[in-house]
Amino acid sequence: MKTKILSTSKQDIGLAGEIIKNGGLVAFPTETVYGLGANALDDEAVKSIYRAKGRPSDNPLIVHIAKKEDINQLVETIPEKAQRLIDAFFPAPLTIILKKSALVGDTVSGGLDTVAFRMPKNEVARAVIEAAGVPVAAPSANTSGLPSPTKASHVISDMMGKIDAIVDGGDCEFGVESTVITLAEKTPVILRPGAITKEMIEGVIGETELAKAVLGEMEEGEKAASPGMKYKHYSPKAKIIVVDADREGYEKFVNSKKGAFALCFEEDNITVPKVTFGKENDDLSQAKLLFDKLRELDELGAQKVYARIPNKDGVGTAVFNRLIRAAAFNVIDLNKPFTIGLTGPTGAGKTYVCEELEKRGFKIIDSDIIAKKLTEKGSPLLTELKNAFGKDILENGELNRKLLAERAFKNKKNTAILNKIMHPVIIEECKKQSEIPCVLDAPQLFEANADKECYKIICVSAPLETRLSRIIGRDVISTEQAMQRINAQFSDDYYIENSDYVIYNNGQNINEQINDILEEIL
Ligand code: TXA
Ligand code: MG
């Protein structure tokens with residue numbers, strides 16, 4: 001198909017409207033991003049949007065209108081709060097979701113019983129919709145998964161040859177997609193943050209929630225309030241890693257990464273190749289530039305990109321929301337004291353992995369050694385342990401570790417008592433010893449809540465039989481005692497689920513696994 005490039009002249013806009021009315025596809029500018037429009041009431045035309053974008057069919061589209069009156073035909077009723085938002089903001093970068101009318105087909109709504117609609121502020125957008133004379137379904141005009149287009153050139157690169165026409169209306173004003181709010185449920189919920197902020201909305205309709213998925217990753221199996229939230233998004237080819245740090249910490253970290261790119265603010269002092277997206281304290285400038293700069297990184301051939309974390313307030317919520325999705329939720333938190341947490345059930349073979357990591361230059365903080373030091377003769381902790389586990393665990397003031405282990409690991413209740421005494425002091429000491437890069441070797445990482453102190457967690461896992469024979473050989477105990485210890489810990493699955501990386505210790509290619517993980521983390 002030959003794609004016509006149209007201007008914003010009256011004649012060209014008339015032509016764009018004509019194409020949409022007749023079932024064709026036209027990309028046009030809005031104040032947020034470029035949209036890919038089709039007649040929302042023509043099921044075949046709507047289907048062709050999904051095809052051109054490669055978009056999953058359960059991800060519904062926003063219906064765009066030119067006049068407020070046009071909303072009535074799309075919905076069952078307009079609840080009072082929705083009316084207030086419409087009166088306060090429309091035309092605006094704000095999308096409202098309500099129960100849909102029978103006029104809205106299943107394709108446009110992705111099979112849901114609701115419809116999302118918005119009246120764009122951009123005059124070219126409204127002129128195109130007017131000229132079409134029908135409501136216009138329009139997702140962002142990018143290939144599904146890529147950054148949304150904020151310039152006609154972005155649309156040309158994604159859609160040339162796949163759609164009928166592109167109206168070139170210059171750069172988009174805001175650069176991130178509209179705020180999406182649902183009023184189809186009891187409490188209003190913002191499903192996607194945008195230029196109309198939570199504060200602005202609350203100023204009009206009172207308490208409004210921010211969907212959990214806005215600032216974080218959705219849990220596996222969690223139902224998406226907005227289907228768009230579950231898909232990989234805005235991702236350039238380059239691997240993006242968001243660095244949570246202040247300016248100084250970020251500069252120091254990124255400048256040591258040879259071969260990487262920085263996606264940073266204009267003020268940042270960066271010595272590696274960089275692309276800037278706005279000013280540190282100007283969220284509107286960041287929003288306007290983010291998608292364009294993500295695309296630019298690909299043009300420059302960047303492979304690995306460390307991005308400066310934006311402030312999460314105001315429009316920054318939207319910038320942060322898009323950036324962590326572009327990074328597939330890969331965030332390094334430099335505010336946390338430990339580099340890597342290493343854990344795993346007893347007997348899985350952490351010691352070997354630790355030795356290997358030490359050879360590769362990591363400082364190892366061994367929580368067991370710290371625990372031993374903290375319970376040497378004369379330590380005040382011994383009194384607490386004696387009170388909890390019996391006088392006879394002390395012999396001439398020395399701790400009988402074997403006896404303590406026997407009692408403490410007998411059941412979960414006793415283990416919890418031991419942990420409550422030991423963990424806080426152990427963590428304190430670990431923090432004192434930590435420097436970057438270091439590894440915290442902690443079998444009880446999760447029990448001690450020390451996982452919160454690590455920015456990445458590796459667990460070592462091995463088959464039960466292997467672990468059993470290792471424990472029995474190492475600690476000279478019976479199978480029964482070994483099983484008791486295993487049962488006092490979390491299950492293997494728990495470790496795997498809660499860690500970022502797993503090393504499978506079955507005697508094969510362990511070093512390869514370690515190298516792959518380190519390559520990813522560093
Ligand atoms: O700024 C914008 O909104 C741009 C311009 C072109 O208007 N459009 C846009 O559309 O971003 P799109 O399709 O890329 O994103 C629409 C989002 C998706 O995350 C989708 O899942 C969600 O809105 N959505 C649409 N209808 C919905 C519904 N009925 N219920 C829940 N979420 C809905
Ligand atoms: Mg989109």
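The values are calculated or read from the model by the stated rules, or taken from the named source; none is laboratory data. Predicted, not measured: the structure shown is a model, and the values here were computed from it. Glycine gets a Cβ as well: all are built from the backbone with ideal geometry, and neighbour counts include every protein chain shown.
Descriptive notes on the structure:
- Reported count of residues in segment 292-336, each being over 22 Å from Ile181 (Cα atoms), out of contact with any strand residue (DSSP E or B) (no Cβ under 8 Å at 6 or more places or on another chain) and not acidic (Asp, Glu), is 4.
- Thr95 being closer than 20 Å to Ala287 by Cα, more than 10 Å from ligand 1 (Cβ to nearest atom) and crowded, with 23+ Cβ neighbours inside 10 Å: no
- Residue in segment 148-158 that is farthest from ligand 2 (Cβ to nearest atom), counting only those that are of a type in the set (Ser, Thr, Tyr) and buried (at least 23 other Cβ atoms within 10 Å of the Cβ): Thr150
- Hey, Ser140 hydroxyl-bearing (Ser, Thr, Tyr), surrounded by fewer than 22 Cβ atoms within 10 Å (Cβ to Cβ) and within 31 Å of the chain's Cα centre (by Cα) or not: no
- Boolean, Gly23 is over 25 Å from Lys288 (Cα atoms) and either surrounded by fewer than 18 Cβ atoms within 10 Å (Cβ to Cβ) or touching a residue at least 40 places away in the same chain (Cβ under 8 Å) (or both): yes
- Sub-7 Å Cβ pairs linking a first residue in segment 173-190 that is closer than 21 Å to His154 by Cβ and in a loop (DSSP other than H, G, I, E, B) to a second residue that is more than 14 Å from ligand 2 (Cβ to nearest atom) and β-branched (Val, Ile, Thr), at least 6 apart or interchain, are Val176/Val319, ordered by first then second residue.
- For Ile458, the test of being assigned to a helix (DSSP H, G or I) and surrounded by 14 or more Cβ atoms within 10 Å (Cβ to Cβ) is failed.
- Filter pass, Ile49 being part of a helix (DSSP H, G or I), surrounded by 19 or more Cβ atoms within 10 Å (Cβ to Cβ), within 16 Å of ligand 2 (Cβ to nearest atom) and modelled with pLDDT of 95 or more: yes
- A single member of Gly161, Gly175, Gly133, Gly145 is buried (at least 24 other Cβ atoms within 10 Å of the Cβ) and of a type in the set (Gly, Ala, Ser), and it is Gly175.
- For segment 374-401, a residue qualifies if it is in a helix (DSSP H, G or I), surrounded by 12 or more Cβ atoms within 10 Å (Cβ to Cβ) and not β-branched (Val, Ile, Thr), and the qualifying residues are Leu374, Leu381, Leu382, Glu384, Leu385, Lys386, Ala388, Phe389, Arg401.
- Figure legend. Inter-residue proximity from segment 202-224: first residues at negative phi, second residues at pLDDT 95 or above and of a type in the set (S, T, N, Q), beta-carbon distance below 6 Å, spacing 6+ or different chains. Indicated pairs: Glu202/Thr208; Val214/Asn321.
Every residue, every condition in (1) in a strand (DSSP E or B); (2) under 20 Å from Asp158 (Cβ atoms); (3) small (Gly, Ala, Ser), yes or no:
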{"residue": "Asn269", "(1), (2), (3)": "no, no, no"}
{"residue": "Val272", "(1), (2), (3)": "no, no, no"}
{"residue": "Glu280", "(1), (2), (3)": "no, no, no"}
{"residue": "Lys288", "(1), (2), (3)": "no, yes, no"}
{"residue": "Asp292", "(1), (2), (3)": "no, yes, no"}
{"residue": "Arg295", "(1), (2), (3)": "no, yes, no"}
{"residue": "Asp298", "(1), (2), (3)": "no, yes, no"}
{"residue": "Gly301", "(1), (2), (3)": "no, yes, yes"}
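- Restricting attention to segment 82-131, the residues that are within 16 Å of ligand 2 (Cβ to nearest atom), in a loop (DSSP other than H, G, I, E, B) and within 17 Å of Glu69 (Cβ to Cβ) add up to 1.
- Subset tally (residues that are of a type in the set (Gly, Ala, Ser), closer than 22 Å to Cys430 by Cβ and outside any loop (DSSP other than H, G, I, E, B)) for segment 309-360: 1
- Residue count for segment 446-463, restricted to those that are closer than 18 Å to Asp333 by Cβ and of a type in the set (A, V, I, L, M): 3.
- Segment 190-224, subset within 16 Å of ligand 2 (Cβ to nearest atom) and modelled with pLDDT under 95, residue surrounded by the fewest Cβ atoms within 10 Å (Cβ to Cβ): Ala224
- Residue in segment 124-147 that is farther than 30 Å from Glu202 by Cβ and of a type in the set (Ser, Thr, Tyr) present: yes
- Meets criteria (within 11 Å of ligand 1 (Cβ to nearest atom), touching a strand residue (DSSP E or B) at 6+ places or on another chain (Cβ under 7 Å) and of a type in the set (A, V, I, L, M, F, W, C)) for Phe174: no
- Test: residue in segment 25-37 that is of a type outside the set (A, V, I, L, M), assigned to a strand (DSSP E or B) and within 14 Å of ligand 2 (Cβ to nearest atom): yes
- Scanning segment 255-265 for residues that are surrounded by 13 or more Cβ atoms within 10 Å (Cβ to Cβ) and either at pLDDT below 95 or over 12 Å from Ala307 (Cα atoms) (or both) gives Asn255, Lys257, Ala260.
- Residue pairs whose Cβ atoms lie under 7 Å apart, separated by 6 or more positions or on different chains, with the first residue in segment 417-435 and touching a residue at least 40 places away in the same chain (Cβ under 8 Å) and closer than 17 Å to Ala388 by Cα and the second of a type in the set (D, E, K, R) and surrounded by 13 or more Cβ atoms within 10 Å (Cβ to Cβ), are Ile421/Glu384.
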